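Please treat every number below as a calculation from the coordinates, not as lab data. None of the values given here were measured: they were computed from a predicted structure. Note that we place each Cβ from the backbone using ideal geometry, even for glycine, and neighbour counts take in every protein chain shown.
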Amino acid sequence: MSRRFVPPLAVRCIVGFVLLFVALTVPRAAGANDRQILGPSVSAPSVQTQGKRVRIKVVAGAAEPIAVKARGRIKQGGRSLPLRRSAASVAGGRSASIRLRPRRRLHQRRILHALRKGRTLKATVTVTLGDLAGNAVKRVLKIAVT
């Protein structure tokens, strides 16, 4: 006659609680119901003062893991000077700071020259948030550069 091992009640309860805890805390895989990004947030100071170098700062995050892409332009007179594209990966519930700088050194010199003359330039930054399921959110920010 074979005897089957049955663990004590306390061990079975602990195992049950661990399985329940894991089931409640591990995020679900992106399924058919995932049609939007949870809690997207994109922000930047509306007026950004520059020093020796031109840097436009943008903060982005969401309640779920996302990839952030940012690009932009600075309007200077009749010119539109592009900013370098930048990207970051952000964990769920966190936010990342992204800094955009001019694409070329010549662009930076032109921007700083205009700022030294007392002009206020306008930057337009487009930030795209994408999650693992392929959902995307796009936000456009207008920033005054002084």
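The count of lysine pairs in the chain with alpha-carbon distances below 24 Å, taking only pairs 8 or more places apart or on different chains, stands at 20. In a reduced charge model with +1 at each Lys and Arg Cβ and -1 at each Asp and Glu Cβ, the stretch 62-146 shows a dipole moment near 860 debye about its Cα centre. Which residue, V145, A44, N33, has the largest displacement toward the positive end of the dipole of the chain when charges sit on each Cβ (Lys, Arg +1; Asp, Glu -1)? So the residue furthest toward the plus end is V145. Using the alpha-carbon atoms, what tilt in degrees (0 to 90, nearest 10) does helix 105-116 show relative to the longest principal axis of the chain? For helix 105-116, the angle is close to 70 degrees. Above 28 Å, the calculated P(r) of the chain contains 42 percent of its Cα-Cα pairs. Overall, the chain carries a charge dipole of about 1500 debye about its Cα centre when +1 sits on the Cβ of Lys and Arg and -1 on the Cβ of Asp and Glu, all other atoms neutral. Farthest toward the positive end of the dipole of the stretch 65-146, out of A114, I74, L132, is the Cα of A114, where the dipole comes from beta carbon charges about the Cα centre.
Please give the helix 9-25 orientation as an angle from the longest Cα principal axis of the chain, in degrees from 0 to 90, rounded to the nearest 10. Approximately 20 degrees, to the nearest 10.
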